[in-house]
Amino acid sequence: MLPGAILGFILLMAGRFLAVTAVVWLVSGFGVWLIAPAGTVTVGASGIIFGWLTYLIVRGLFNRRFLQVLGGLALLVVYGGTLWGVLPQGGSVSWQGHLFGAIGGVLAAWMLASADRRAPRGQLEQVTTGAR
C-alpha cells in the first residue's frame with residue numbers, strides 16, 4: 001500500500017497520473033486476459049503499481065533528462081527487488097498482471113516522451129522556427 005501511495009504521488013507531481021494509469025491499466029488488463037489460465041480470477045492493483053514503477057524508472061531514458069534518470073535509478077535501488085514479481089513464481093499470485101503492468105509502464109514512458117525528444121533534429125528546428 002505504501003509503495004502505491006509513494007509512486008502515485010510522484011506521478012501526480014509529474015502531471016502524468018491519468019495518462020500513465022490509463023495506458024498501464026489497458027495493457028495490464030489485456031495481457032492478463034490474453035495469457036492467464038482459463039478459469040482463474042485476477043484481482044488487485046499490483047499491475048498498476050508495477051506499471052507506475054517501470055514508468056518512473058525508464059521515463060528519463062526516453063525524455064533524456066538527467067534528473068529523471070537519477071530518480072529512476074533511486075527507485076530501482078529502493079523497489080527494484082519487487083520487479084522479480086514479473087516472473088512466474090507458482091502459487092496464487094498473478095505474475096501475468098505484474099508482467100503486463102510493467103510492459104504498460106515502459107510503453108507509457110515511450111508514448112508520453114516529449115515530442116521534441118522523438119522528432120529528428122532537423123524536424124525540431126523546422127517546427128520551432130517555422131522554416132521549411
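The values are calculated or read from the model by the stated rules, or taken from the named source; none is laboratory data. Being a predicted model, the structure only gives us computed values, none of them experimental. Because the Cβ atoms are built from the backbone with ideal geometry, glycine has one as well, and the counts that use them run over all protein chains shown.
Does GLY47 meet the test of being within 13 Å of GLY97 (Cβ to Cβ), of a type in the set (Gly, Ala, Ser) and in contact (Cβ under 8 Å) with a residue 40 or more places away in the chain? I'd like the intermediate steps shown before the answer.
Values: within 13 Å of GLY97 (Cβ to Cβ): yes; of a type in the set (Gly, Ala, Ser): yes; in contact (Cβ under 8 Å) with a residue 40 or more places away in the chain: yes.
Taking the combined requirement at face value, the residue satisfies it.
In the condition set (1) farther than 22 Å from ALA5 by Cβ; (2) surrounded by 13 or more Cβ atoms within 10 Å (Cβ to Cβ), TYR79 is compliant with all but (1). When residues in segment 1-34 are screened for being part of a helix (DSSP H, G or I) and either exposed (fewer than 11 other Cβ atoms within 10 Å of the Cβ) or of a type in the set (S, T, N, Q) (or both), 7 of them pass. Filtered by the rule that a residue be over 12 Å from GLY105 (Cα atoms) and either assigned to a helix (DSSP H, G or I) or not aliphatic (A, V, I, L, M) (or both), segment 45-61 gives SER46, GLY60, LEU61. Just checking, does segment 18-31 include any residue being at pLDDT below 90, of a type in the set (Phe, Trp, Tyr) and over 10 Å from the mean Cα position of the chain (by Cα)? Within segment 18-31 (the criterion being at pLDDT below 90, of a type in the set (Phe, Trp, Tyr) and over 10 Å from the mean Cα position of the chain (by Cα)), the answer is no, since none of the residues qualifies.
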